[in-house]
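Notes for the one structure printed next.
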Ligand code: SF4
């Protein structure tokens with residue numbers, strides 16, 4: 001069998017995405033693809049390594065309709081890692097405000113949820129939800145790339 005025919009016959013091999021009725025209402029209006037702007041608000045960079053893997057050829061979030069972009073003006077989704085430091089609270093808020101609506105925020109990692117091991121640190125302003133509204137949280141320290149891809153698939157529905 002030729003390679004092209006085999007590809008057509010096999011189709012896309014992946015677990016089903018989240019059911020349409022489980023998708024966030026705001027995500028349903030995004031047409032099956034999301035442009036993602038990432039902000040490191042003060043992480044140890046462990047979460048960034050896993051996000052990098054999520055977009056690598058192995059986990060390949062792009063095949064499910066999620067793509068990283070360089071500008072918040074082009075983004076539907078903001079991923080945020082780390083506890084929000086005092087210095088990053090303003091830039092994070094500005095990034096969120098620069099995004100067109102509808103816009104969604106995905107907090108990646110335990111630090112993004114409750115500051116994790118950095119809670120109470122002198123340079124920590126608070127968790128991500130204290131600065132911008134959070135729609136989805138991906139737990140873990142750091143979360144596995146597959147969990148990050150699953151969260152993004154929950155937004156694209158693919
Ligand atoms: S959740 Fe873990 S890996 Fe991610 S920024 Fe916090 S300490 Fe680092």
Inset, instruction - Take every DSSP beta bridge whose two residues both sit in the chain, then give the antiparallel share in percent to the nearest 5. - result: 10 percent
Inset, instruction - Please give the helix 145-156 orientation as an angle from the longest Cα principal axis of the chain, in degrees from 0 to 90, rounded to the nearest 10. - result: 80 degrees
Inset, instruction - Report the full-extension gain for the segment residue 94 to residue 74: residue separation times 0.36 nm, less the Cα-Cα distance, to one decimal in nm. - result: 5.8 nm
Inset, instruction - Within 10 Å, count the other beta carbons around each residue, average over each peptide in 3-14, 38-49, 22-33, 77-88, and list them highest first. - result: 77-88, 38-49, 22-33, 3-14
Legend entry - Cα-based helix-to-principal-axis angle, 86-98 vs the chain, degrees rounded to 10: 50 degrees
Legend entry - Tail weight of P(r) past 28 Å, computed on alpha-carbon pairs of the chain, percent: 21 percent
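Relative contact order for the range 31-156: what percent, with Cα pairs under 8 Å and sequence separation of 6 or more?
Values: 267 pairs, mean separation 40.0, N = 126.
Result for the range 31-156 is 32 percent.
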Inset, instruction - Please grab the % of Cα pairs in the range 1-55 that end up more than 13 Å from each other. - result: 76 percent
Inset, instruction - Please work out the FRET efficiency for the pair residue 146 and residue 7, using the Cβ-Cβ distance as r and a Förster radius of 25 Å; give the result to the nearest 0.05. - result: 0.60
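Values in this text are rule-based calculations from the coordinates and carry no lab data. Predicted model only: the values in this text are computed from it and were never measured. Quick reminder, even Gly has a Cβ in these numbers, built from the backbone with ideal geometry, and neighbours come from all protein chains shown.
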